[in-house]
Structure formats: structure tokens, C-alpha cells
1. Whole-Å semi-axes of the chain's equivalent ellipsoid, largest first, each the root of 5 times a Cα gyration tensor eigenvalue?
2. Tell me, what ³J(HN,Hα) does each residue in segment 278-288 have, in order and in whole Hz, if you take phi through Karplus 6.51 cos²θ - 1.76 cosθ + 1.60 with θ = phi - 60° and put x for Gly and Pro?
3. Please work out the C-alpha center-to-center distance from segment 396-410 to segment 300-352 and express it in whole Å.
4. At a Förster distance of 45 Å, what's the computed FRET efficiency of LYS464 paired with MET343, Cβ-Cβ distance as r, to 0.05?
5. Could you grab the relative contact order for segment 146-267? Cα pairs under 8 Å, six or more apart, rounded to a whole percent.
6. Going toward the positive end of the dipole of segment 342-484, with +1 on Lys and Arg Cβ and -1 on Asp and Glu Cβ, which of GLY403, ILE384, MET463 do you reach last?
7. Of THR341, PHE201, LEU54, which is farthest towards the positive pole of the chain's charge dipole, taken about the Cα centre with +1 and -1 on the beta-carbons of Lys, Arg and Asp, Glu respectively?
8. Through the Karplus equation 6.51 cos²θ - 1.76 cosθ + 1.60, θ set to phi - 60°, convert the phi angles of segment 136-147 into ³J(HN,Hα) values in whole Hz; use x for Gly and Pro.
Amino acid sequence: MTAKLVQGYEVVIGFETHTQLSTQSKIFSRASVAFGAAPNTQACAVDLALPGTLPVMNVGAVERAIEFGLAVNAHIAERSVFARKNYFYPDLPKGYQISQFEIPVVQGGEVSFFLEEGQETVRKTVRLVRAHLEEDAGKSLHEDFIGQSGIDLNRAGTPLLEIVTEPDMRSSAEAVAYAKELHKIVTWIGICDGNMQEGSFRCDANVSVRKPGAELGTRREIKNLNSFKFMQQAIDYEVRWQIEQIEDGHAIQQATVLFDPDTGETRAMRTKEDAADYRYFPDPDLPPLVIGRDWVERVKSEMAELPRVMAERFVTQYSLPDYDATQLTQSKAVAAYFEATAMACGQPKLASNWIMGEVSRRLNASELAIEQAPVSAAQLAALIGRISDNTISNNAARQVFEGLWNGEGEVDAIIEAKGLKQINDTGELEKIIDDVLAANPKNVEEFKAGNAKALNGLVGPIMKASKGKANPAQVNALLMKKLG
């Protein structure tokens with residue numbers, strides 16, 4: 001599909017995502033990574049870079065990197081190397097960051113997701129360049145400490161997996177969809193808690209624009225986007241700004257920028273460095289990281305079913321469309337709710353429709369997670385069962401669902417209390433239909449003359465006369481029989 005242009009320009013977006021790994025201790029020390037501790041209470045001698053200290057690799061961080069590589073169909077390097085990334089910043093105690101450069105632990109891979117484009121639902125795939133292990137820096141606090149900034153080194157040494165994409169995204173909507181899918185993957189497999197407010201999942205978007213067919217434009221990196229809403233706003237603003245600059249005859253300068261949610265604007269923070277500026281070289285204190293195939297296979301055997309694998313199973317086991325299967329595997333809780341409902345009612349497609357439709361709508365309106373839904377999987381299954389056996393119509397089912405949501409009782413009790421049971425008695429329906437046909441001779445004549453739409457003028461009064469309790473399929477069948 002041709003990329004949508006913005007004012008005649010093609011948008012090009014790549015992502016770098018810093019995922020904080022869910023270990024109990026830091027990547028090269030035994031200090032805690034618990035969030036919210038008092039400043040500088042979780043930084044040991046290694047984190048402070050005191051003379052004579054040496055880093056020791058955290059095996060849990062390595063295993064989480066392996067899990068991610070397996071989840072995105074990437075290559076797990078049998079041998080990867082740690083490097084020193086040299087730059088000066090007040091909250092970087094060593095004067096360099098231990099990262100990976102030329103040989104990362106995870107190489108390649110891809111992330112696929114669905115995206116709404118106009119009237120179509122399109123499957124998109126973003127290629128990954130790499131995912132490498134590294135340590136986090138500390139944090140500069142710019143509150144007024146007697147006219148000075150403060151430094152909190154609690155975060156220094158926290159294990160990160162930096163996930164880098166190819167510049168494959170062509171709109172802010174596509175970028176947000178990718179980020180949400182990546183967030184789903186890392187939280188699903190349990191390598192990250194995904195808390196964006198606490199900085200566990202930090203996204204940097206590299207944005208540039210170009211005329212179709214031209215070379216890639218100069219990119220500007222929007223740092224530390226900590227919500228999907230701000231992510232879309234920041235990218236949209238940056239795209240407009242770059243186009244305006246180019247149209248006014250200005251060249252785009254490579255830079256790191258920050259997004260201000262209060263103004264809705266990006267602003268330059270510093271010129272963007274290239275790899276050569278960091279003077280990478282292998283860290284002499286750390287030997288190469290060697291990962292044998294037996295280690296990878298052990299990690300693989302201990303992993304839970306991956307979302308893409310579960311989605312494929314939903315397609316084959318429950319005969320669901322790809323789109324349904326992908327939507328239902330957005331979280332483990334939603335997938336479990338679907339499976340429990342489908343197995344109990346034996347109608348997986350109806351279960352999928354209800355969960356993606358009415359259940360999701362009510363959860364979103366009430367700002368609830370699926371685990372907090374007032375309607376259990378068993379209750380939803382019972383409701384679907386009553387639709388399937390023609391006890392109630394689809395319209396009546398929505399009223400029953402409303403009653404379930406409000407805690408008015410179980411399915412059959414609500415149907416009885418509200419008088420929602422469908423009329424399936426042929427004799428009773430025929431009497432109603434005969435009365436409506438007698439009262440609407442014009443519609444009957446028009447239908448017999450070939451006007452199919454005239455049938456609607458008969459069905460409506462029949463449903464009204466039955467107070468909505470008539471079985472629509474049965475009504476249509478009897479009507480067609482009586483009308484020849």
C-alpha cells in the first residue's frame with residue numbers, strides 16, 4: 001500500500017525503546033532496582049564507580065534478552081560483546097555507559113500488528129535491527145536544591161534492553177501501533193512491567209520527512225516519550241515543524257528534542273551525536289557474553305505461550321479470523337477470558353464478537369481492566385447460549401448484558417424478570433403476521449410486484465406487535481411463505 005503523504009512529504013519514523021528488565025538487582029551489581037526508594041539509597045560501590053570496583057554480569061538480564069529475541073523471531077548471538085560508550089553527563093558516574101555496539105545479543109527480528117487505514121484493516125510489520133543490553137544512567141533532579149540541581153544514582157546500573165527498529169513506519173498512528181504491540185510483547189513474556197510513568201518503557205522516535213523517492217531526510221530524535229497519547233502528538237507536531245522549515249528554505253539539523261505536553265511542541269535539547277562521537281571500544285572489564293544453544297533451548301522451554309503463537313492457535317482451534325485472534329491476544333487476561341467463554345458456550349466467533357464489542361466498550365467507558373469486569377466469562381457464555389438457542393434476540397441480549405453488568409442477577413433470571421424471551425411459537429407468530437398483512441395491503445402488493453424493500457414495511461410492524469419478542473429469522477421465513 002502506498003504511504004500516505006503529508007503536504008506532499010513522506011514521513012519516515014524509526015524507534016529506539018529502552019525497556020527496563022524485570023530483574024531484582026542491577027545489571028552489573030547486586031544493588032536493588034526497586035522503584036521509589038529515597039535518592040541515592042540503592043547505589044552501591046559498583047554503581048558509584050568507586051576505584052577498584054568491577055562489573056559482574058547479571059544472568060537474569062541475559063535470560064530476559066534471550067526471551068525477547070525468541071518472542072520476535074530474532075537471531076540470538078552465540079557471542080556478543082560489551083563496549084564502553086563514552087560521554088559526559090552529571091548522572092553518569094563512570095564517564096561512560098556499558099552498552100553493546102558492534103555485536104549485540106539480539107539481532108534482527110520483527111514486530112507485526114494490525115492498523116486501521118480508512119475502511120481497511122491492514123497488517124503491518126516493522127523490522128528490528130537489534131536489541132542490546134546496557135546499563136541505565138542516574139537521574140538529574142532539577143528541583144531547586146539551594147540554587148542547584150541534584151543527582152539521584154538509584155537508577156544507575158539498572159538493566160535495560162534497547163530495542164532498535166529500521167525506519168519502517170510512515171505515520172504517527174503506525175508508530176503508536178508498533179509501540180503498543182512492543183509493549184504487549186515485553187509485558188506478556190514478563191521481561192518488563194511496562195510502566196511508562198515510572199520510566200520502565202521509554203520510547204525515542206527518530207522522525208524525518210522527504211519527498212517521495214528521495215533520499216532519507218535528516219532525522220530528529222524525540223526523547224523519552226512516556227505515553228502513547230503524547231507519542232502521537234509529538235510525532236505529528238515534529239512532522240509539521242520539519243515540513244514548515246523545509247518549505248521556508250531552512251535545512252533540518254540533526255538534534256535530540258523533547259516534547260512539552262503543556263504546549264504540544266517539541267524543542268531542541270542538544271545536537272545529536274553519531275556513533276563515532278561516543279568512541280566505542282570493548283570493555284576490558286567484561287569478557288564476551290557467550291550464549292550456547294542449550295541455554296537458549298532451556299529458556300525457550302520455560303517460556304509461556306507467545307502472543308503470536310496463541311493467535312495462530314486461536315485461528316486454527318477456534319476458526320477465528322486473523323484480526324480477531326490478534327485483538328484477543330492483546331493481553332493474557334483478555335485471552336483467558338475469551339478461552340473460558342468460548343469453551344463454555346461452544347460459540348467462539350460469537351464470544352469473540354461480544355468481547356471485542358460490548359465487553360470492550362463497557363470496560364473502556366468504565367476505565368476497567370478485563371479482570372475487573374462485572375460480567376464473568378461464565379455469565380457471558382450463558383448469555384451467548386441463550387442467543388444460540390433462540391431464547392432471546394440480539395437486541396434483547398444487550399438488555400440482558402446491561403442487567404449482568406449492573407449486578408441484577410443471572411442470565412435466565414434477568415430474561416424472566418424483563419420478559420425478554422422470544423416468541424418461537426409458530427401459531428402465535430402466524431396470527432401476528434396475518435394481522436399485519438391485513439393491515440398493510442399496499443406493502444403486500446408492492447412486494448409481490450417485485451419491490452423487495454417493501455418487506456421491511458411488514459417486518460417492523462410485526463416486531464412492534466410482538467414487543468420485540470418475535471424471532472426475526474422465523475418471522476422472515478413465515479412471511480416469505482405467506483407471500484409466496
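Laboratory data are not the source of any read-out in this text; all were calculated from the coordinates shown. The shown structure was predicted, so the numbers you read here are calculated from the model rather than taken from an experiment. Cβ coordinates were reconstructed from backbone atoms using ideal geometry, including for glycine residues, and neighbour counts include every protein chain displayed.
1. 56, 27, 21
2. Coupling constants for segment 278-288: 8, 6, 4, 8, x, 6, x, 8, 10, x, x Hz.
3. After rounding, the separation between the Cα centres reads 25 Å.
4. Once rounded, the FRET efficiency stands at 0.75.
5. 20 percent
6. Selected residue: MET463.
7. In the chain, that residue is THR341.
8. Ordered by residue, 3J(HN,Hα) equals 7, 8, x, 9, 8, 10, 9, 5, 8, 8, 6, x Hz.
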